[in-house]
Ligand code: HEC
Ligand code: HEC
Ligand code: HEC
Ligand code: HEC
Ligand code: HEC
């Protein structure tokens, strides 16, 4: 019985430690990126596909080194040099739709002339990478805007 209680105690301590540790490590992103410090740059500078293709895309090092020849604040110089060498930063895409849904940024941003904020909330002003998508896009979010904007509500327009 005592063994069982001890085990339960350990489990609780581990669980609390995990919860306490969670906020600090909750960002999945490799670099403490800060959108607010980059407000002067156009969104499309870093999300290059947004006006041309379906995907907005996340930026690679070649974009960063135009302004950060040396490591930006919060990133160790050897790590930055290593990333610059591979040219790659492993950003994690957080906003994602299931495979059966079709979505095009170009369609919404160029033809629909919608502001990023109408779907992504205030991420453009964030001071640290969010732990989860800043705004959750459900079918009803898509459909209610399509109703307002008189865009297609056909199942086949959004689903393959
Ligand atoms: C158009 C120029 C420009 C580009 C491109 C750019 N940055 Fe920056 N970045 C800045 C400026 C300006 C600052 C603010 C400098 C300061 O506060 O000392 C900054 C600050 C930062 C900081 C420090 C944030 C903080 O909290 O202090 C990080 C990290 C950073 N940039 C990462 C990146 C990454 C990663 C990329 C590529 C995806 C990138 N930057 C692309 C101009 C740029
Ligand atoms: C009508 C809604 C909508 C608008 C407007 C919109 N997005 Fe998105 N965005 C999405 C959806 C939905 C996804 C996920 C797409 C997927 O998984 O196929 C996404 C994904 C992204 C991603 C993740 C990377 C990628 O390629 O999927 C980035 C970055 C992004 N959007 C940036 C932007 C920027 C910048 C703007 C404004 C210029 C913008 N978005 C406007 C709905 C929108
Ligand atoms: C200097 C480069 C840079 C600029 C400029 C920039 N972003 Fe980003 N963006 C990033 C990076 C790096 C990430 C991934 C880390 C993070 O979320 O902070 C990101 C992530 C995002 C995401 C989350 C994608 C997902 O998977 O959910 C959205 C949405 C987004 N940016 C929108 C915007 C909008 C809107 C603007 C303009 C107001 C903008 N970004 C300007 C570099 C940039
Ligand atoms: C804030 C408003 C808004 C939201 C949210 C939105 N859309 Fe749209 N969507 C539009 C508008 C406006 C158009 C018409 C653009 C044009 O002029 O072609 C459109 C067009 C489309 C089209 C092309 C339809 C056709 O006629 O073939 C598809 C597919 C689509 N959206 C999918 C989605 C999906 C999937 C989501 C949710 C993840 C979504 N949209 C969220 C406003 C929105
Ligand atoms: C404007 C775009 C749009 C239209 C129109 C649309 N859907 Fe969807 N649908 C979505 C998106 C986005 C998702 C994924 C939502 C999520 O993951 O929360 C989805 C998810 C679904 C799912 C899966 C639900 C689940 O729980 O996984 C079904 C089934 C579905 N839609 C059926 C339909 C049918 C039937 C119609 C026509 C009456 C329709 N959809 C019209 C965008 C749309």
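Quick notes
- Label point at residue 51 placed 7 Å out along Cα→Cβ; residues across the range 92-108 whose backbone nitrogen lies under 20 Å: 104-108
- Linear extension gain, residue 28 paired with residue 65, 0.36 nm per residue minus alpha-carbon span: 11.1 nm
- Diagonalising the gyration tensor over the Cα atoms of the range 80-141 and scaling each eigenvalue by 5 before taking the square root yields semi-axes of 26, 15, 14 Å, largest first.
- With a simple spin-label model that places each label point 7 Å from the Cα along the Cα-to-Cβ direction, the separation between residue 99 and residue 114 comes to 2.4 nm.
- Radius of gyration and maximum dimension Dmax of the range 22-117, Cα, Å: 15.2, 43
- Projecting label points 7 angstrom from Cα along Cα→Cβ for residue 81 and residue 36 puts them 3.2 nm apart.
- A Cα-only calculation for the range 111-151 places Rg and Dmax at 12.1, 36 Å.
No value in this document is a laboratory result; all are computed from the given coordinates. This structure is a prediction, so every number in the text was calculated from the model and none was measured. Backbone-built Cβ (ideal geometry, glycine too); neighbour counts: all protein chains shown.
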